[in-house]
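The next block holds one structure in the form of structure tokens; read it before the comments.
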Amino acid sequence: MAHFSGNEFQYKAKELLERGYRLQQDGRLPEAISLYKHSIEIHATPEAYTYLGWAYSADGNFERAVEECKRAVALDPDYGSPYNDIGAYLTRMGNFPEAEEWFLRALKARRYESRHFAHLNLGRVYQRQGKWFEAIGEYKRALECNPDYKPAEQARLILQAMMN
């Protein structure tokens with residue numbers, strides 16, 4: 001049996017995560033899930049749990065996706081992606097009030113480079129709840145984070161047109 005250093009475990013786990021991601025992009029979910037799990041066995045990271053949740057959500061298993069993302073949050077409460085993803089899965093399940101809480105938590109996370117996603121998703125929740133001015137505000141904040149983010153611009157324009 002081979003002996004690995006901590007860095008070698010991290011490298012192997014990252015390699016498996018990246019291979020799983022490519023498989024998931026190709027629509028090969030069972031294989032991707034297997035690689036994500038193997039990556040976690042070698043060296044658990046919040047990213048691996050988040051990707052595993054994403055794979056379960058792609059298969060329609062939102063409850064399991066939420067569970068995996070909560071594991072990511074437990075490993076690194078500063079990592080924002082799983083908060084946003086939990087909110088997205090809860091939105092898909094029709095649980096808008098709880099989804100709103102998770103999007104707000106994503107926006108407070110210190111390690112989150114894709115805040116425009118959480119702003120857009122929070123805007124969609126507000127829109128579904130009839131809070132149209134709050135929704136437009138979130139769409140605008142998404143565009144402040146990423147001026148080229150077309151989904152936020154489209155959502156803002158459609159909602160403004162509906163309000164006129």
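Taken together, the values in this text are just the output of simple stated rules run on the coordinates, not laboratory data. From a predicted model like this one, the values you see are computed outputs, not experimental measurements. Cβ atoms come from the backbone with ideal geometry, glycine included; neighbour counts cover every protein chain shown.
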Give me LEU120, LEU157 sorted ascending by neighbouring Cβ count inside 10 Å, so fewest comes first. LEU157, LEU120
The farthest towards the positive end of the charge dipole of the stretch 1-92, of the residues TYR49, PRO30, ALA74, given +1 on Cβ of Lys and Arg and -1 on Cβ of Asp and Glu, is PRO30
Under unit Cβ charges (Lys, Arg +1; Asp, Glu -1), what dipole magnitude, rounded to 20 debye, does the chain have relative to its Cα centre? 320
Answer label for Rg and Dmax of the Cα atoms in Å (calculated), chosen among (i) 14.5, 45; (ii) 18.5, 62; (iii) 17.5, 69: (iii)
What FRET efficiency would be calculated for the residue pair LYS12, LYS140, taking the C-beta separation as r and a Förster radius of 35 Å, to the nearest 0.05? 0.20
For the Cα atoms of the chain, what angle does the longest principal axis make with the long axis of helix 46-58, in degrees from 0 to 90, nearest 10? 70
Taking Cα centroids, how far is the stretch 23-93 from the stretch 141-164 in Å? 28
Toy charge model, Lys and Arg Cβ at +1, Asp and Glu Cβ at -1: the stretch 7-98 dipole around Cα centroid in debye, rounded to 20, equals 160
Filter on LYS14/LYS70; LYS37/LYS140; LYS12/LYS70; LYS37/LYS150; LYS12/LYS150; LYS108/LYS131 - keep pairs with C-alpha separation over 29 Å: LYS37/LYS140; LYS37/LYS150; LYS12/LYS150
By how many degrees, between 0 and 90 and to the nearest 10, does the Cα long axis of helix 62-75 differ from the longest principal axis of the chain? 70
Only Lys, Arg, Asp and Glu count, each charged at its Cβ (+1, +1, -1, -1), so figure out the dipole size of the stretch 114-164 about its Cα centre, rounded to 20 debye. 120
